[in-house]
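Working notes for the structure below.
The values are calculated or read from the model by the stated rules, or taken from the named source; none is laboratory data. These numbers were taken from a predicted model, which means no experiment stands behind them. Methodologically, a virtual Cβ is constructed for each residue, glycine included, from the backbone with ideal geometry; neighbour enumeration extends over all protein chains shown.
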Ligand SMILES: Nc1ncnc2c1ncn2[C@@H]1O[C@H](COP(=O)(O)OP(=O)(O)OP(=O)(O)O)[C@@H](O)[C@H]1O
Ligand SMILES: [Mg+2]
(Lines give C-alpha, C1' and ligand atoms only; values in the text may rest on other atoms or scores of the structure.)
(Ligands and ions follow the chains in the order given, each with its own letter.)
Protein backbone atom coordinates (compact mmCIF):
# COMPACT_ATOMS: atom_id res chain seq x y z
CA UNK A 1 0.00 0.00 0.00
CA UNK A 2 1.28 3.48 -0.86
CA UNK A 3 2.24 5.66 2.04
CA UNK A 4 0.73 8.68 0.29
CA UNK A 5 -2.16 8.71 -2.13
CA UNK A 6 -3.47 11.93 -3.55
CA UNK A 7 -6.55 11.80 -5.76
CA UNK A 8 -8.41 14.40 -7.76
CA UNK A 9 -7.04 17.22 -5.71
CA UNK A 10 -8.27 20.64 -6.77
CA UNK A 11 -7.78 24.10 -5.37
CA UNK A 12 -9.13 27.48 -6.44
CA UNK A 13 -8.12 30.93 -5.34
CA UNK A 14 -11.22 32.92 -6.17
CA UNK A 15 -11.89 32.25 -9.83
CA UNK A 16 -8.42 30.96 -10.69
CA UNK A 17 -8.04 27.21 -10.66
CA UNK A 18 -4.59 26.58 -9.27
CA UNK A 19 -4.79 22.79 -8.96
CA UNK A 20 -6.90 20.69 -11.28
CA UNK A 21 -7.60 17.10 -10.53
CA UNK A 22 -4.10 16.31 -9.31
CA UNK A 23 -3.39 12.71 -8.45
CA UNK A 24 -0.30 10.69 -7.63
CA UNK A 25 1.02 8.28 -5.05
CA UNK A 26 4.27 7.78 -3.22
CA UNK A 27 5.57 4.46 -1.95
CA UNK A 28 7.30 4.18 1.38
CA UNK A 29 11.01 4.94 0.99
CA UNK A 30 10.54 6.60 -2.37
CA UNK A 31 11.31 10.14 -3.44
CA UNK A 32 8.92 11.98 -5.74
CA UNK A 33 10.16 15.03 -7.62
CA UNK A 34 7.67 17.67 -8.68
CA UNK A 35 8.77 19.91 -11.51
CA UNK A 36 7.00 22.63 -13.42
CA UNK A 37 7.20 26.24 -14.47
CA UNK A 38 6.78 29.12 -12.08
CA UNK A 39 3.15 29.56 -11.09
CA UNK A 40 2.16 26.05 -12.07
CA UNK A 41 0.91 25.23 -8.56
CA UNK A 42 3.78 23.28 -7.00
CA UNK A 43 3.91 25.24 -3.78
CA UNK A 44 0.14 25.18 -3.50
CA UNK A 45 0.20 21.40 -3.83
CA UNK A 46 2.70 21.03 -0.97
CA UNK A 47 0.74 23.50 1.12
CA UNK A 48 -2.39 21.42 0.61
CA UNK A 49 -0.60 18.31 1.82
CA UNK A 50 0.46 20.18 4.95
CA UNK A 51 -3.00 21.68 5.59
CA UNK A 52 -1.69 25.19 5.10
CA UNK A 53 -4.30 25.44 2.37
CA UNK A 54 -7.56 23.52 2.34
CA UNK A 55 -8.20 21.95 -1.06
CA UNK A 56 -11.60 22.41 -2.68
CA UNK A 57 -11.85 18.88 -3.96
CA UNK A 58 -10.26 15.48 -3.85
CA UNK A 59 -8.74 13.39 -1.11
CA UNK A 60 -5.45 12.63 0.58
CA UNK A 61 -4.61 9.31 2.21
CA UNK A 62 -1.61 8.54 4.33
CA UNK A 63 -0.88 4.87 4.96
CA UNK A 64 -4.45 4.06 3.97
CA UNK A 65 -6.03 6.50 6.41
CA UNK A 66 -8.10 9.21 4.76
CA UNK A 67 -6.71 12.39 6.25
CA UNK A 68 -8.53 14.70 3.92
CA UNK A 69 -11.67 14.30 1.90
CA UNK A 70 -13.36 17.34 0.44
CA UNK A 71 -16.74 15.61 0.73
CA UNK A 72 -16.32 14.79 4.39
CA UNK A 73 -16.18 17.88 6.60
CA UNK A 74 -15.33 15.59 9.51
CA UNK A 75 -11.80 15.37 8.14
CA UNK A 76 -11.36 19.09 8.65
CA UNK A 77 -11.78 19.26 12.38
CA UNK A 78 -9.30 21.79 13.77
CA UNK A 79 -8.14 19.54 16.59
CA UNK A 80 -7.47 16.71 14.16
CA UNK A 81 -5.62 18.84 11.65
CA UNK A 82 -2.76 19.45 14.02
CA UNK A 83 -2.27 15.74 14.55
CA UNK A 84 -2.60 14.97 10.85
CA UNK A 85 -0.06 17.57 9.92
CA UNK A 86 2.53 15.51 11.73
CA UNK A 87 2.38 12.91 8.98
CA UNK A 88 4.19 15.51 6.91
CA UNK A 89 7.28 17.59 7.36
CA UNK A 90 7.81 20.71 5.30
CA UNK A 91 11.07 22.42 4.44
CA UNK A 92 10.35 25.92 3.19
CA UNK A 93 12.06 27.83 0.44
CA UNK A 94 12.83 30.60 2.95
CA UNK A 95 13.88 28.25 5.82
CA UNK A 96 11.64 29.94 8.40
CA UNK A 97 13.85 29.10 11.35
CA UNK A 98 12.79 30.75 14.59
CA UNK A 99 15.26 33.64 14.94
CA UNK A 100 15.22 33.82 18.73
CA UNK A 101 16.37 30.23 19.21
CA UNK A 102 19.73 28.60 18.61
CA UNK A 103 20.13 25.93 15.95
CA UNK A 104 19.78 23.12 18.48
CA UNK A 105 16.78 24.76 20.14
CA UNK A 106 15.03 25.20 16.80
CA UNK A 107 15.25 21.44 16.43
CA UNK A 108 14.37 20.40 19.96
CA UNK A 109 11.61 22.91 20.78
CA UNK A 110 8.84 21.42 18.62
CA UNK A 111 9.66 17.92 19.91
CA UNK A 112 9.55 19.12 23.49
CA UNK A 113 6.20 20.82 23.00
CA UNK A 114 4.78 17.66 21.51
CA UNK A 115 6.28 15.51 24.24
CA UNK A 116 4.32 17.53 26.79
CA UNK A 117 1.18 15.90 25.46
CA UNK A 118 2.43 12.42 26.25
CA UNK A 119 0.61 10.84 29.17
CA UNK A 120 3.88 9.82 30.83
CA UNK A 121 5.46 13.27 30.44
CA UNK A 122 5.13 14.22 34.11
CA UNK A 123 6.90 11.16 35.51
CA UNK A 124 9.53 10.86 32.83
CA UNK A 125 10.14 14.54 32.18
CA UNK A 126 13.91 14.50 32.62
CA UNK A 127 14.34 11.40 30.57
CA UNK A 128 12.19 12.73 27.73
CA UNK A 129 13.93 16.08 27.65
CA UNK A 130 17.34 14.41 27.63
CA UNK A 131 16.10 12.27 24.75
CA UNK A 132 14.90 15.16 22.62
CA UNK A 133 18.18 16.95 23.27
CA UNK A 134 20.09 13.86 22.18
CA UNK A 135 17.98 13.42 19.06
CA UNK A 136 18.49 17.07 18.17
CA UNK A 137 22.26 16.74 18.52
CA UNK A 138 22.31 13.60 16.41
CA UNK A 139 20.28 15.33 13.71
CA UNK A 140 22.54 18.33 13.72
CA UNK A 141 25.45 16.01 13.22
CA UNK A 142 23.63 14.28 10.41
CA UNK A 143 23.32 17.55 8.51
CA UNK A 144 26.96 18.30 9.25
CA UNK A 145 26.48 21.12 11.72
CA UNK A 146 27.51 19.70 15.12
CA UNK A 147 29.79 22.67 15.66
CA UNK A 148 26.95 25.17 15.13
CA UNK A 149 24.57 23.98 17.85
CA UNK A 150 24.73 27.24 19.81
CA UNK A 151 24.51 29.55 16.82
CA UNK A 152 21.48 31.71 16.15
CA UNK A 153 19.97 31.63 12.65
CA UNK A 154 21.36 35.05 11.70
CA UNK A 155 24.84 33.74 12.45
CA UNK A 156 24.45 30.94 9.91
CA UNK A 157 24.73 31.03 6.15
CA UNK A 158 21.65 30.31 4.06
CA UNK A 159 22.84 26.80 3.33
CA UNK A 160 23.44 26.14 7.01
CA UNK A 161 20.05 27.56 7.94
CA UNK A 162 18.37 25.32 5.43
CA UNK A 163 20.20 22.30 6.82
CA UNK A 164 19.02 23.19 10.32
CA UNK A 165 15.51 23.49 8.91
CA UNK A 166 15.82 20.02 7.43
CA UNK A 167 17.00 18.65 10.79
CA UNK A 168 14.09 20.40 12.48
CA UNK A 169 11.62 18.78 10.11
CA UNK A 170 13.24 15.38 10.56
CA UNK A 171 13.10 15.66 14.35
CA UNK A 172 9.37 15.01 14.36
CA UNK A 173 9.93 11.88 12.32
CA UNK A 174 7.33 12.59 9.63
CA UNK A 175 6.10 9.86 7.31
CA UNK A 176 6.64 12.11 4.32
CA UNK A 177 9.12 14.96 4.15
CA UNK A 178 8.24 17.73 1.71
CA UNK A 179 10.67 20.23 0.27
CA UNK A 180 9.59 23.41 -1.48
CA UNK A 181 12.48 24.51 -3.66
CA UNK A 182 14.91 24.07 -0.80
CA UNK A 183 17.80 25.66 -2.65
CA UNK A 184 16.25 28.45 -4.69
CA UNK A 185 16.81 31.10 -2.01
CA UNK A 186 20.50 30.18 -1.85
CA UNK A 187 23.58 31.46 -3.58
CA UNK A 188 24.71 28.92 -6.18
CA UNK A 189 27.79 27.95 -4.17
CA UNK A 190 25.59 26.99 -1.21
CA UNK A 191 23.10 24.76 -3.01
CA UNK A 192 25.52 21.83 -3.08
CA UNK A 193 25.65 21.34 0.67
CA UNK A 194 21.86 21.27 0.94
CA UNK A 195 21.40 18.94 -2.02
CA UNK A 196 24.00 16.63 -0.49
CA UNK A 197 21.96 16.37 2.71
CA UNK A 198 18.82 15.56 0.72
CA UNK A 199 20.73 12.97 -1.30
CA UNK A 200 21.85 11.43 1.98
CA UNK A 201 18.20 11.20 3.05
CA UNK A 202 17.27 9.55 -0.25
CA UNK A 203 20.04 7.00 0.24
CA UNK A 204 18.54 6.18 3.63
CA UNK A 205 15.15 5.69 1.96
CA UNK A 206 13.41 8.66 3.50
CA UNK A 207 10.02 9.17 1.89
CA UNK A 208 10.13 12.57 0.26
CA UNK A 209 8.22 14.90 -2.03
CA UNK A 210 10.63 17.39 -3.52
CA UNK A 211 9.65 20.48 -5.49
CA UNK A 212 12.72 21.70 -7.28
CA UNK A 213 14.06 23.64 -10.23
CA UNK A 214 17.32 21.66 -10.13
CA UNK A 215 16.57 19.23 -12.94
CA UNK A 216 19.80 17.26 -12.71
CA UNK A 217 19.26 16.81 -9.01
CA UNK A 218 15.61 15.82 -9.44
CA UNK A 219 16.60 13.21 -11.96
CA UNK A 220 19.29 11.68 -9.77
CA UNK A 221 17.57 11.71 -6.43
CA UNK A 222 13.98 10.82 -7.21
CA UNK A 223 12.32 7.55 -8.09
CA UNK A 224 9.27 9.13 -9.62
CA UNK A 225 8.72 12.52 -11.19
CA UNK A 226 5.59 14.53 -11.68
CA UNK A 227 5.46 17.34 -14.22
CA UNK A 228 2.78 19.87 -13.51
CA UNK A 229 1.66 22.68 -15.75
CA UNK A 230 -1.17 25.13 -15.23
CA UNK A 231 -2.22 23.20 -12.13
CA UNK A 232 -2.70 19.91 -13.95
CA UNK A 233 -0.51 16.83 -14.01
CA UNK A 234 0.91 16.57 -17.50
CA UNK A 235 3.20 13.63 -17.00
CA UNK A 236 3.89 11.33 -14.11
CA UNK A 237 6.25 8.38 -14.18
CA UNK A 238 9.60 6.90 -13.26
CA UNK A 239 12.16 9.71 -13.21
CA UNK A 240 14.67 8.08 -15.50
CA UNK A 241 12.02 7.59 -18.19
CA UNK A 242 10.44 10.99 -17.80
CA UNK A 243 13.74 12.79 -18.10
CA UNK A 244 15.28 10.68 -20.86
CA UNK A 245 12.22 10.09 -23.02
CA UNK A 246 9.27 12.24 -22.03
CA UNK A 247 6.02 11.09 -23.61
CA UNK A 248 4.37 14.48 -23.65
CA UNK A 249 5.32 17.31 -25.93
CA UNK A 250 4.90 19.84 -23.10
CA UNK A 251 7.26 17.94 -20.85
CA UNK A 252 9.83 17.79 -23.59
CA UNK A 253 9.64 21.50 -24.23
CA UNK A 254 9.87 22.27 -20.52
CA UNK A 255 12.93 20.06 -20.08
CA UNK A 256 14.56 21.53 -23.14
CA UNK A 257 14.09 25.03 -21.86
CA UNK A 258 15.70 24.05 -18.58
CA UNK A 259 18.64 22.25 -20.07
CA UNK A 260 19.38 25.31 -22.19
CA UNK A 261 19.59 27.57 -19.16
CA UNK B 1 9.94 83.54 48.80
CA UNK B 2 11.91 80.82 50.49
CA UNK B 3 13.66 78.32 48.30
CA UNK B 4 12.01 75.38 50.02
CA UNK B 5 8.56 76.61 49.06
CA UNK B 6 9.54 76.91 45.42
CA UNK B 7 11.08 73.47 45.46
CA UNK B 8 8.05 71.95 47.08
CA UNK B 9 5.75 73.56 44.52
CA UNK B 10 7.89 72.28 41.68
CA UNK B 11 7.96 68.82 43.20
CA UNK B 12 4.21 68.82 43.46
CA UNK B 13 4.01 69.78 39.80
CA UNK B 14 6.42 67.01 38.99
CA UNK B 15 4.19 64.61 40.91
CA UNK B 16 1.28 65.58 38.67
CA UNK B 17 3.49 65.15 35.61
CA UNK B 18 4.48 61.67 36.78
CA UNK B 19 0.88 60.77 37.53
CA UNK B 20 -0.25 61.71 34.02
CA UNK B 21 2.67 59.81 32.56
CA UNK B 22 2.21 56.64 34.61
CA UNK B 23 -1.57 56.38 34.36
CA UNK B 24 -1.51 57.05 30.62
CA UNK B 25 1.16 54.44 30.04
CA UNK B 26 -0.44 51.77 32.20
CA UNK B 27 -3.89 52.23 30.66
CA UNK B 28 -2.98 53.04 27.05
CA UNK B 29 -0.60 50.10 26.62
CA UNK B 30 -3.27 47.37 27.01
CA UNK B 31 -6.01 49.49 25.45
CA UNK B 32 -3.78 49.99 22.41
CA UNK B 33 -3.51 46.22 22.06
CA UNK B 34 -7.29 45.92 21.90
CA UNK B 35 -7.44 48.73 19.33
CA UNK B 36 -4.75 47.02 17.26
CA UNK B 37 -6.78 43.81 17.22
CA UNK B 38 -9.67 45.88 15.93
CA UNK B 39 -7.56 47.35 13.15
CA UNK B 40 -6.40 43.86 12.13
CA UNK B 41 -9.84 42.28 12.42
CA UNK B 42 -11.15 40.20 9.56
CA UNK B 43 -14.55 41.77 10.20
CA UNK B 44 -14.48 44.68 7.79
CA UNK B 45 -16.81 47.19 9.54
CA UNK B 46 -14.84 46.82 12.76
CA UNK B 47 -11.56 47.30 10.94
CA UNK B 48 -12.92 50.33 9.15
CA UNK B 49 -14.28 51.81 12.35
CA UNK B 50 -11.01 51.31 14.19
CA UNK B 51 -8.97 52.78 11.40
CA UNK B 52 -11.18 55.85 11.25
CA UNK B 53 -10.84 56.27 14.99
CA UNK B 54 -7.05 56.00 14.79
CA UNK B 55 -6.97 58.42 11.88
CA UNK B 56 -8.99 61.03 13.77
CA UNK B 57 -6.96 60.70 16.95
CA UNK B 58 -3.61 60.78 15.22
CA UNK B 59 -4.69 63.46 12.79
CA UNK B 60 -5.67 66.07 15.39
CA UNK B 61 -3.53 67.73 18.06
CA UNK B 62 -3.54 66.21 21.51
CA UNK B 63 -4.08 69.70 22.91
CA UNK B 64 -7.36 69.97 21.03
CA UNK B 65 -8.42 66.56 22.32
CA UNK B 66 -7.71 67.58 25.91
CA UNK B 67 -9.75 70.76 25.48
CA UNK B 68 -12.65 68.88 23.93
CA UNK B 69 -12.77 66.22 26.62
CA UNK B 70 -12.71 68.85 29.35
CA UNK B 71 -14.97 71.56 27.89
CA UNK B 72 -16.97 69.51 25.40
CA UNK B 73 -19.55 68.02 27.76
CA UNK B 74 -20.08 71.39 29.43
CA UNK B 75 -20.62 73.20 26.15
CA UNK B 76 -22.77 70.53 24.59
CA UNK B 77 -24.95 69.54 27.52
CA UNK B 78 -24.03 72.29 30.00
CA UNK B 79 -22.75 69.72 32.35
CA UNK B 80 -19.18 69.33 33.58
CA UNK B 81 -18.35 65.72 33.09
CA UNK B 82 -14.85 65.32 34.41
CA UNK B 83 -12.52 66.95 36.89
CA UNK B 84 -9.51 68.53 35.19
CA UNK B 85 -7.01 65.77 35.80
CA UNK B 86 -9.46 63.06 34.75
CA UNK B 87 -10.20 64.89 31.53
CA UNK B 88 -6.50 65.10 30.79
CA UNK B 89 -6.04 61.41 31.57
CA UNK B 90 -8.95 60.36 29.37
CA UNK B 91 -7.67 62.38 26.42
CA UNK B 92 -4.12 61.13 26.91
CA UNK B 93 -5.12 57.49 27.26
CA UNK B 94 -7.25 57.58 24.11
CA UNK B 95 -4.57 59.43 22.19
CA UNK B 96 -1.74 57.16 23.21
CA UNK B 97 -3.80 54.01 22.78
CA UNK B 98 -4.24 55.03 19.14
CA UNK B 99 -0.51 55.57 18.67
CA UNK B 100 0.43 52.39 20.51
CA UNK B 101 -2.10 50.39 18.49
CA UNK B 102 -0.33 51.35 15.28
CA UNK B 103 3.00 50.31 16.73
CA UNK B 104 1.57 46.98 17.86
CA UNK B 105 -0.08 46.45 14.51
CA UNK B 106 3.07 47.01 12.53
CA UNK B 107 4.98 44.81 15.01
CA UNK B 108 2.52 41.96 14.68
CA UNK B 109 2.07 42.28 10.94
CA UNK B 110 5.83 42.51 10.53
CA UNK B 111 6.35 38.93 11.67
CA UNK B 112 6.51 36.93 8.43
CA UNK B 113 3.70 34.48 7.68
CA UNK B 114 6.34 31.81 7.41
CA UNK B 115 6.93 31.94 11.16
CA UNK B 116 3.30 30.98 11.84
CA UNK B 117 3.36 28.37 9.13
CA UNK B 118 6.59 26.83 10.39
CA UNK B 119 4.98 26.54 13.81
CA UNK B 120 1.87 24.99 12.30
CA UNK B 121 3.66 22.33 10.29
CA UNK B 122 5.72 21.50 13.38
CA UNK B 123 2.53 20.58 15.18
CA UNK B 124 2.33 23.56 17.53
CA UNK B 125 -0.96 24.80 18.89
CA UNK B 126 -2.06 28.37 18.23
CA UNK B 127 -1.12 29.35 21.78
CA UNK B 128 2.31 27.75 21.47
CA UNK B 129 2.94 29.55 18.21
CA UNK B 130 1.99 32.86 19.77
CA UNK B 131 3.88 32.52 23.02
CA UNK B 132 6.91 30.51 21.92
CA UNK B 133 7.48 31.90 18.46
CA UNK B 134 5.73 35.18 17.72
CA UNK B 135 5.61 37.18 20.95
CA UNK B 136 9.31 37.81 21.45
CA UNK B 137 9.73 38.79 17.82
CA UNK B 138 6.92 41.30 18.16
CA UNK B 139 8.45 42.69 21.35
CA UNK B 140 11.79 43.09 19.67
CA UNK B 141 10.17 44.89 16.78
CA UNK B 142 8.17 47.30 18.90
CA UNK B 143 10.74 48.30 21.52
CA UNK B 144 12.38 51.08 19.46
CA UNK B 145 9.15 52.78 18.30
CA UNK B 146 7.58 52.32 21.75
CA UNK B 147 10.54 53.96 23.43
CA UNK B 148 10.19 56.94 21.09
CA UNK B 149 6.51 57.21 21.81
CA UNK B 150 6.93 56.89 25.57
CA UNK B 151 9.58 59.58 25.66
CA UNK B 152 7.25 61.80 23.67
CA UNK B 153 4.59 61.09 26.28
CA UNK B 154 6.86 62.44 29.03
CA UNK B 155 7.06 65.75 27.24
CA UNK B 156 3.41 65.79 26.16
CA UNK B 157 2.36 65.86 29.81
CA UNK B 158 3.05 69.59 29.70
CA UNK B 159 -0.05 69.99 27.50
CA UNK B 160 -2.17 69.37 30.58
CA UNK B 161 -1.84 73.02 31.47
CA UNK B 162 -4.33 74.02 28.74
CA UNK B 163 -7.05 72.97 31.17
CA UNK B 164 -5.11 74.39 34.12
CA UNK B 165 -3.80 71.14 35.50
CA UNK B 166 -0.79 72.22 37.49
CA UNK B 167 1.93 70.08 36.08
CA UNK B 168 5.55 71.07 36.51
CA UNK B 169 5.87 73.57 33.66
CA UNK B 170 2.78 75.45 34.77
CA UNK B 171 4.10 75.60 38.32
CA UNK B 172 7.48 76.77 37.14
CA UNK B 173 5.94 79.34 34.84
CA UNK B 174 3.92 80.82 37.69
CA UNK B 175 7.18 81.98 39.27
CA UNK B 176 8.07 84.17 36.29
CA UNK B 177 5.48 86.61 37.61
CA UNK B 178 7.80 87.04 40.56
CA UNK B 179 10.76 87.56 38.26
CA UNK B 180 12.18 84.10 38.72
CA UNK B 181 13.45 82.32 35.62
CA UNK B 182 15.42 79.48 37.19
CA UNK B 183 12.40 77.31 38.12
CA UNK B 184 11.78 76.93 34.38
CA UNK B 185 15.30 75.67 33.85
CA UNK B 186 14.87 73.53 36.88
CA UNK B 187 11.77 71.90 35.44
CA UNK B 188 13.65 71.39 32.20
CA UNK B 189 16.24 69.46 34.16
CA UNK B 190 13.50 67.22 35.55
CA UNK B 191 12.46 66.32 32.04
CA UNK B 192 16.03 65.70 30.99
CA UNK B 193 16.64 63.33 33.85
CA UNK B 194 13.31 61.58 33.36
CA UNK B 195 13.90 61.04 29.64
CA UNK B 196 17.51 60.12 30.28
CA UNK B 197 16.50 57.33 32.63
CA UNK B 198 13.94 56.06 30.13
CA UNK B 199 16.51 56.14 27.33
CA UNK B 200 18.89 54.08 29.42
CA UNK B 201 16.14 51.64 30.32
CA UNK B 202 15.05 51.13 26.72
CA UNK B 203 18.66 50.88 25.60
CA UNK B 204 19.10 48.10 28.13
CA UNK B 205 16.03 46.23 26.86
CA UNK B 206 17.20 46.61 23.28
CA UNK B 207 20.59 45.21 24.18
CA UNK B 208 18.98 42.31 26.03
CA UNK B 209 17.11 41.46 22.82
CA UNK B 210 20.05 41.99 20.49
CA UNK B 211 21.14 38.35 20.58
CA UNK B 212 18.85 37.61 17.67
CA UNK B 213 17.79 39.39 14.53
CA UNK B 214 14.31 39.53 13.02
N1 LIG C 1 -2.89 32.77 -1.54
C2 LIG C 1 -3.08 32.91 -2.86
N3 LIG C 1 -4.08 33.68 -3.32
C4 LIG C 1 -4.30 33.81 -4.65
N5 LIG C 1 -3.57 33.22 -5.60
C6 LIG C 1 -2.56 32.43 -5.21
C7 LIG C 1 -2.26 32.24 -3.82
N8 LIG C 1 -1.20 31.42 -3.73
C9 LIG C 1 -0.87 31.12 -5.00
N10 LIG C 1 -1.68 31.72 -5.89
C11 LIG C 1 -1.61 31.59 -7.36
O12 LIG C 1 -1.61 30.22 -7.65
C13 LIG C 1 -0.74 29.93 -8.72
C14 LIG C 1 0.24 28.85 -8.33
O15 LIG C 1 1.10 29.32 -7.32
P16 LIG C 1 2.22 28.44 -6.68
O17 LIG C 1 2.92 29.28 -5.68
O18 LIG C 1 1.65 27.17 -6.21
O19 LIG C 1 3.17 28.17 -7.93
P20 LIG C 1 4.59 27.47 -7.96
O21 LIG C 1 4.49 26.38 -8.95
O22 LIG C 1 5.04 27.12 -6.58
O23 LIG C 1 5.52 28.61 -8.55
P24 LIG C 1 7.06 28.92 -8.25
O25 LIG C 1 7.87 27.98 -9.06
O26 LIG C 1 7.22 30.34 -8.73
O27 LIG C 1 7.27 28.79 -6.78
C28 LIG C 1 -0.09 31.23 -9.09
O29 LIG C 1 -0.71 31.73 -10.23
C30 LIG C 1 -0.32 32.11 -7.92
O31 LIG C 1 -0.45 33.43 -8.33
MG1 LIG D 1 6.62 27.74 -5.36
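Sort out which residues of the stretch A:90-132 are within 16 Å of ligand 1 (Cβ to nearest atom) and either assigned to a helix (DSSP H, G or I) or modelled with pLDDT under 95 (or both), and write them in order of number.
Keep residues of the stretch A:90-132 that are within 16 Å of ligand 1 (Cβ to nearest atom), which gives A:90-96.
Listed by number, the list is empty, since nothing qualifies.
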>> Taking the condition of being surrounded by fewer than 16 Cβ atoms within 10 Å (Cβ to Cβ) and in contact with a helix residue (DSSP H, G or I) (Cβ under 6 Å, 6 or more places away or on another chain), how many residues in the stretch A:140-156 meet it?
In response: 1
>> Exactly one condition in (1) within 19 Å of the chain's Cα centre (by Cα); (2) at pLDDT 95 or above; (3) not in a helix (DSSP H, G or I) is false for residue B:165; which is it?
In response: (2)
> Of the residues in the stretch A:16-43, how many are free of Cβ contacts under 8 Å to residues at least 60 places away in the same chain, within 16 Å of ligand 2 (Cβ to nearest atom) and in contact with a strand residue (DSSP E or B) (Cβ under 8 Å, 6 or more places away or on another chain)?
Replying inline: 0
> Which residue out of B:162, B:143 is within 14 Å of chain A (Cβ to nearest Cβ) and within 23 Å of residue B:24 (Cα to Cα)?
Replying inline: B:143
>> Looking at A:163, A:137, can you tell me which residue is crowded, with 17+ Cβ neighbours inside 10 Å and more than 14 Å from chain B (Cβ to nearest Cβ)?
In response: A:163
> How about the stretch A:73-89: which of its residues are more than 9 Å from chain B (Cβ to nearest Cβ), part of a loop (DSSP other than H, G, I, E, B) and either touching a helix residue (DSSP H, G or I) at 6+ places or on another chain (Cβ under 7 Å) or at pLDDT 90 or above (or both)?
Replying inline: A:87
> Restricting the search to the stretch A:163-189, which residues are more than 16 Å from residue A:43 (Cβ to Cβ) and within 16 Å of ligand 1 (Cβ to nearest atom)?
Replying inline: A:186
>> Conditions first: (1) surrounded by 15 or more Cβ atoms within 10 Å (Cβ to Cβ); (2) under 28 Å from residue B:148 (Cβ atoms). Residue B:55 passes all but one, so which condition is the exception?
In response: (1)
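For the stretch A:49-63, which positions are in contact with a helix residue (DSSP H, G or I) (Cβ under 7 Å, 6 or more places away or on another chain) and within 14 Å of another protein chain (Cβ to nearest Cβ)? Spell out how you get there, then give the answer.
Keep residues of the stretch A:49-63 that are in contact with a helix residue (DSSP H, G or I) (Cβ under 7 Å, 6 or more places away or on another chain), which gives A:50-55, A:60.
A:50, A:51, A:52, A:53, A:54 - these are the residues of the stretch A:49-63 that are in contact with a helix residue (DSSP H, G or I) (Cβ under 7 Å, 6 or more places away or on another chain) and within 14 Å of another protein chain (Cβ to nearest Cβ).
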>> Being in contact (Cβ under 8 Å) with a residue 40 or more places away in the chain, within 16 Å of ligand 2 (Cβ to nearest atom) and surrounded by fewer than 20 Cβ atoms within 10 Å (Cβ to Cβ) is the filter here; which residues of the stretch A:49-61 pass it?
In response: A:53
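A quick yes/no check of all residues on (1) buried (at least 17 other Cβ atoms within 10 Å of the Cβ); (2) on the phi < 0 side of the Ramachandran plot; (3) touching a strand residue (DSSP E or B) at 6+ places or on another chain (Cβ under 9 Å):
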| position | (1), (2), (3) |
| --- | --- |
| B:3 | no, yes, no |
| B:29 | no, yes, no |
| B:44 | no, yes, no |
| B:74 | no, yes, no |
| B:78 | no, no, no |
| B:87 | yes, yes, no |
| B:103 | yes, yes, no |
>> Anything in the stretch A:90-113 that is within 30 Å of residue A:5 (Cβ to Cβ), surrounded by 19 or more Cβ atoms within 10 Å (Cβ to Cβ) and within 7 Å of chain B (Cβ to nearest Cβ)? List them, or say none.
In response: A:90, A:92, A:96, A:110
>> From the list A:54, A:34, A:60, exactly one residue is assigned to a loop (DSSP other than H, G, I, E, B) and either closer than 22 Å to residue B:123 by Cα or within 11 Å of ligand 1 (Cβ to nearest atom) (or both). Which is it?
In response: A:54
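Could you please find all residues in the stretch A:19-48 being touching a helix residue (DSSP H, G or I) at 6+ places or on another chain (Cβ under 7 Å) and surrounded by fewer than 22 Cβ atoms within 10 Å (Cβ to Cβ)?
Applying the first criterion (touching a helix residue (DSSP H, G or I) at 6+ places or on another chain (Cβ under 7 Å)) to the stretch A:19-48 yields A:19, A:22, A:31, A:33-37.
Within the stretch A:19-48, just A:37 meets the criteria.
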